Amino acid sequence: MPRRTTALLALTAAIAVGCKGDHAGPPPAPASSASAPVISSAAPLLSDTAAHAMIVDDCLSCHTEQMLAQQRLTPRQWASEVKKMQGWGAPVEPENIDPLAAYLAAKYSTETAPERVPTISPADAAAAIAPLPDGAFAGGDAGRGATAYHELCATCHADDAGGAAVGVHLVDRPLLHRAADFARVVRSGRGRMPAFRVEDVPDAQIANLLAHLRSSR
Ligand code: HEC
Ligand code: HEC
């Protein structure tokens with residue numbers, strides 16, 4: 001998938017370059033603005049912190065940060081990319097589309113040096129998702145888990161855990177077999193998912209939720 005994406009992007013970039021001649025009509029722009037990104041928004045560029053918060057909320061439920069950092073797109077391409085992602089379910093607020101696209105265009109432009117991609121060994125990759133013993137979260141009750149799930153989680157992740165507008169799907173996730181990591185996400189939150197207090201999801205309740213989610217297919 002990442003390889004295919006890169007190839008597609010290279011193709012898109014090639015097409016964009018190939019099309020430059022079409023715009024030869026208007027008189028040449030003054031030298032000072034020739035390389036400035038063409039962004040319609042008058043808003044100042046987002047700070048790294050504000051942009052990062054948006055990216056966490058709007059993009060990282062489906063992508064890694066690194067995947068985004070590898071992109072090299074023109075302002076126009078970033079603008080249409082962000083809109084396209086809305087179509088795929090990215091919950092970007094309408095007023096954030098232009099600022100986010102402008103930020104991404106400034107940070108990951110066709111002028112930016114290529115991203116060096118760190119690699120991990122196949123063994124480390126496999127270890128990162130390998131099942132781990134349940135420890136303190138063993139022996140949950142799926143029936144109680146279903147009740148808790150419908151109270152606390154279903155609004156975002158859907159009744160059948162298949163995912164909805166906000167929450168990702170939770171069926172057959174490797175995390176369901178890494179109970180401590182699962183508990184950490186639930187208790188710390190992630191992106192648009194709020195943190196649940198340990199009192200509300202004690203170890204036994206985490207075990208119940210896991211038993212329920214493991215039984216949903
Ligand atoms: C709900 C899941 C989801 C979210 C959230 C999401 N994307 Fe995507 N993204 C996808 C899918 C699916 C593809 C592959 C699209 C395709 O094959 O046409 C993709 C592809 C991409 C690509 C590769 C180019 C392409 O169009 O294939 C980029 C760049 C990208 N997304 C950026 C973003 C940015 C920036 C955000 C946040 C604003 C975001 N995505 C949020 C699902 C998502
Ligand atoms: C307000 C919406 C919301 C609620 C409520 C919510 N989640 Fe989430 N959850 C999300 C979103 C959004 C993500 C994706 C976060 C990201 O990676 O950006 C997520 C991610 C997760 C993940 C990580 C999945 C993975 O494989 O990486 C787990 C596990 C999870 N949620 C479990 C739960 C459980 C269990 C509950 C109930 C106790 C719950 N969530 C309640 C929105 C929600």
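The values are calculated or read from the model by the stated rules, or taken from the named source; none is laboratory data. Note that this is a predicted model, so its numbers are computed, not measured. All Cβ positions, glycine included, derive from the backbone under ideal geometry; neighbour counts span all protein chains shown. Surface areas here come from the heavy atoms of the whole protein model, side chains and all, with no ligands, DNA or RNA. Shrake-Rupley method; radii C 1.70, N 1.55, O 1.52, S 1.80 Å.
Below are the figures for this structure:
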quantity: Given charges at beta-carbon only (K, R positive; D, E negative), |dipole| of the range 44-117 in Debye; calculated: 300 debye
quantity: Apportionment of accessible area to carbon and sulfur, the range 115-217, percent (1.4 Å); calculated: 58 percent
quantity: Computed P(r) (all Cα pairs; the range 44-117; 10 Å bins; percent); calculated: 20, 59, 20, 0
quantity: Estimated inter-spin distance, Gln86 and Asp200, nm [label 7 Å along Cα→Cβ]; calculated: 3.0 nm
quantity: Overall Cα dimensions of the range 144-199 - principal axes, largest extent first, Å; calculated: 26, 23, 23
quantity: Using θ = phi - 60° and Karplus 6.51 cos²θ - 1.76 cosθ + 1.60, couplings along the range 47-52 (whole Hz; Gly, Pro as x); calculated: 6, 4, 5, 5, 5, 5
quantity: Separation of the Ala180 and Ala138 label points, Cα + 7 Å toward Cβ, nm; calculated: 1.5 nm
quantity: Accessible area in square angstrom per residue, the range 48-139, 1.4 angstrom probe; calculated: 61 Å²
quantity: Contour minus Cα-Cα distance for Ser215 and Ala123 (0.36 nm per residue); calculated: 30.3 nm
quantity: Fully extended contour minus Cα-Cα distance, from Ala50 to Leu68, at 0.36 nm per residue; calculated: 4.9 nm
quantity: Equivalent ellipsoid semi-axes, the range 59-217, via Cα gyration tensor eigenvalues times 5, rooted, Å; calculated: 35, 20, 12
quantity: Alpha-carbon spread of the range 122-215, three principal axes, descending order, Å; calculated: 38, 30, 24
quantity: Pairwise centroid distance, computed over Cα atoms, of the range 54-72 with the range 81-124, Å; calculated: 5 Å
quantity: Positive minus negative residues near Gln86 (Lys, Arg vs Asp, Glu; Cβ under 14 Å); calculated: -4
